[in-house]
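In what follows, a single structure is set out as structure tokens and then discussed.
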Amino acid sequence: MLPLDPQADIGRRAWVTCPNCADHRGCATCGEGRRCTRHWRYLLSNTGSMLHLQCPTCTHVWDHETGFGAGRGRPNRGADSR
């Protein structure tokens, strides 16, 4: 098990399913798509819509593309396409 990242701060959280431990299974609140007080993730950093996360339960670290806002690798919609 990895230690918590030095950037881990309870003040910066995200509600994303952990792909490693799936600790949200069986939680009625998570099953309804609401913010659960137990199954949040540390938001270590972000670049546009790409989140860098760590699970406080299993300490797994991963990246998650939200698809919101200025995503990575998307074409510039304001650019002249001629």
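The values are calculated or read from the model by the stated rules, or taken from the named source; none is laboratory data. This structure is a prediction, so every number in the text was calculated from the model and none was measured. Here the Cβ is made from the backbone with ideal geometry for all residues, glycine too, and neighbour counts use every protein chain on show. Surface accessibility is based on the protein's heavy atoms, side chains included, excluding ligands, DNA and RNA. Shrake-Rupley method; radii C 1.70, N 1.55, O 1.52, S 1.80 Å.
Within the stretch 40-52, is there a residue that is part of a loop (DSSP other than H, G, I, E, B) and among the β-branched types (V, I, T)?
Checked the stretch 40-52: no residue is part of a loop (DSSP other than H, G, I, E, B) and among the β-branched types (V, I, T).
Look at G11 and say whether it is open to solvent by 30 Å² or more (accessible area, probe 1.4 Å), part of a loop (DSSP other than H, G, I, E, B), closer than 23 Å to F68 by Cβ and at pLDDT below 90.
Answer is no for this residue.
Listed here are the residues, each with its yes/no results for (1) touching a His at 6+ places or on another chain (Cβ under 7 Å); (2) small (G, A, S); (3) free of Cβ contacts under 8 Å to residues at least 12 places away in the same chain.
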{"site": "A8", "(1), (2), (3)": "no, yes, no"}
{"site": "H24", "(1), (2), (3)": "yes, no, no"}
{"site": "R34", "(1), (2), (3)": "no, no, yes"}
{"site": "L43", "(1), (2), (3)": "no, no, no"}
{"site": "N46", "(1), (2), (3)": "yes, no, yes"}
{"site": "P56", "(1), (2), (3)": "no, no, no"}
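Take the residues in the stretch 27-56 that are closer than 13 Å to A14 by Cα and among the hydroxyl-bearing types (S, T, Y), then tell me which one is nearest to the chain's Cα centre (by Cα).
Here the residue is Y42.
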